[in-house]
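Contents: one structure, followed by commentary.
Readers should treat all values here as calculations from the given coordinates under stated rules, not as data from a laboratory. Remember, predicted model here, so these are calculated numbers, not experimental data. Positions of Cβ are generated from backbone atoms using ideal geometry, with glycine treated the same way; all protein chains shown enter the neighbour counts.
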Amino acid sequence: MNDAVGVLKRRWRPLLLLVAFALAVGGYEARRALRRPIPFDAARWREPRWSWDRWRMVADLQREFAERGPARGDVLRMLGRPRDEAARESDSLVYPLGRPPPGGSGSGEIVIYFDERGRYSGSQVSADAF
């Protein structure tokens with residue numbers, strides 16, 4: 001009886017190792033895919049499907065803003081209301097980015113700055129680790 005169990009273990013071991021390897025590689029590839037940037041989408045920004053959607057869009061958002069130099073009102077229409085209502089009267093807007101993609105930790109935000117004419121002048125992304 002012990003010989004039969006030993007034979008089964010030896011026969012199934014390569015298959016189990018193969019399955020474990022496939023799961024590890026598949027998990028790594030899925031994590032990599034979830035970290036890839038995606039194009040900015042205003043509707044998805046306002047109502048993200050996943051907690052890390054804004055992280056994935058932020059580079060494209062910054063590029064688009066740098067190219068177009070939108071006015072403060074345009075930014076508010078695109079991104080919705082900022083987290084801090086008092087900041088709406090200042091020279092910057094602060095938006096939470098949520099949790100980073102799987103594998104990252106903490107949370108973050110983007111601060112969008114405007115010049116004296118109310119046009120986009122830059123932005124800064126910050127991340128906090130827990």
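Observations on the model:
- R0 of 35 Å, Cβ-Cβ distance Leu76-Asp128: FRET efficiency to nearest 0.05: 0.90
- The range 38-128: relative contact order as a whole-number percent, Cα under 8 Å and 6+ apart: 26
- Spin-label pair Ala42-Arg117: with each label point 7 Å from Cα along the Cα-Cβ axis, the two points sit 2.1 nm from one another.
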